[in-house]
Amino acid sequence: MESFDRVSESIGAEGWLVLPDFIGQEAIAALRDECRRLAATGMFRAAAVGSNANHKIRPDIRSDEILWLEAAQGNDGRQRCLARFEQLRLALNRQLQLGLFEFECHYARYAPGAFYRKHFDRFRGDARRILSSVLYLNDGWKNGDGGALRLFLGDGENTDHVDVQPVGGTLVLFLSEHFAHEVLPANRERLSLAGWFRTRG
């Protein structure tokens, strides 16, 4: 629970956090294998932007492929991962009173060269997404492989930013409403589990 205390302190103070080794490498390997297996069977779809009437495929904005996950399905690695996120949800509610009701997530696969332009995760007119998360599933990632998550720390075009390398087991958390971010192109396949803690609405 010590790591969850650190998460709550950082989210409360800064609004974002990078947490290495969120779950063990055995679970990460199981998630990575499941992600690749499902992608190979054609279950992934081109990711869209916007919601409801504004939901559109825009390859000029994002070019990744995704597969939404159901909590009751998946291998042991996925179940262990989702249980860990549930523990985190309860800890955040207890310590920060965020009113987080559920966690939704999908696998994301970025082929070499794929990207996601600068954006916010919270949709216009829908305030349910409170906290965004990205858990990286990659093995042996190096700085020269690219694919960093660029998290912008303020408003405006020239704001400061942090680049997070998608090293397997690393979790990134940030307040969905406050932090624009983008995914830079990578030189190799880039895998992650992207999720959102949401209120009931």
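The values are calculated or read from the model by the stated rules, or taken from the named source; none is laboratory data. Computed from a predicted model, the values in this text were never measured in an experiment. In this analysis, Cβ positions are derived from the backbone assuming ideal geometry, glycine residues included, and neighbour counts consider all displayed protein chains. These accessible areas exclude ligands, DNA and RNA; they are computed on the full protein's heavy atoms, side chains included. Shrake-Rupley method; radii C 1.70, N 1.55, O 1.52, S 1.80 Å.
Ligands, DNA and RNA left out, the accessible area of the chain computed with a 1.4 Å probe is 48% carbon and sulfur. The residue among Gly125, Cys105, Phe22 whose Cα reaches farthest toward the positive pole of the charge dipole of the range 1-148, with charges on the beta-carbon of Lys, Arg, Asp and Glu, is Gly125. Going by a ≥ b ≥ c, the root eigenvalues of the Cα gyration tensor, does the range 84-186 fall in the rounded group (a/c under 1.5), the prolate group (a/b larger than b/c) or the oblate group? The shape class here is oblate.
Taken along its three principal axes, the alpha carbon spread of the range 69-121 comes to 41, 30, 13 Å, from the longest extent down to the shortest. Overall shape: oblate for the range 122-174, with the ratio a/c of the largest to smallest alpha carbon gyration tensor axis at 1.5 or above and b/c at least equal to a/b.
In terms of its Cα atoms, the chain spans 41, 40, 36 Å along the principal axes, sorted from long to short. Taking every protein chain into account, the 1.4 Å probe leaves Arg37 with about 130 Å² of accessible area, to the nearest ten. When you restrict to C-alpha pairs under 8 Å that are six or more residues apart and normalise by the size of the chain, the relative contact order lands at 29 percent.
The tail of the calculated P(r) for the range 12-76, taken as Cα-Cα distances beyond 16 Å, holds 65 percent of the pairs. Rounded to the nearest 20 debye, the dipole size of the chain about its Cα centre is 580 debye, using +1 on the Cβ of Lys and Arg and -1 on the Cβ of Asp and Glu. Considering only Leu173, Asn187, Thr159, whose Cα is most displaced toward the positive end of the charge dipole of the range 133-188, charges sitting on Cβ of Lys, Arg (+1) and Asp, Glu (-1)? In the range 133-188, that residue is Asn187.
Calculate, for His55 and Asp160, the FRET efficiency according to 1/(1 + (r/R0)^6) with r their C-beta to C-beta distance and R0 35 Å; round to the nearest 0.05. E between His55 and Asp160, to the nearest 0.05, is 0.65.
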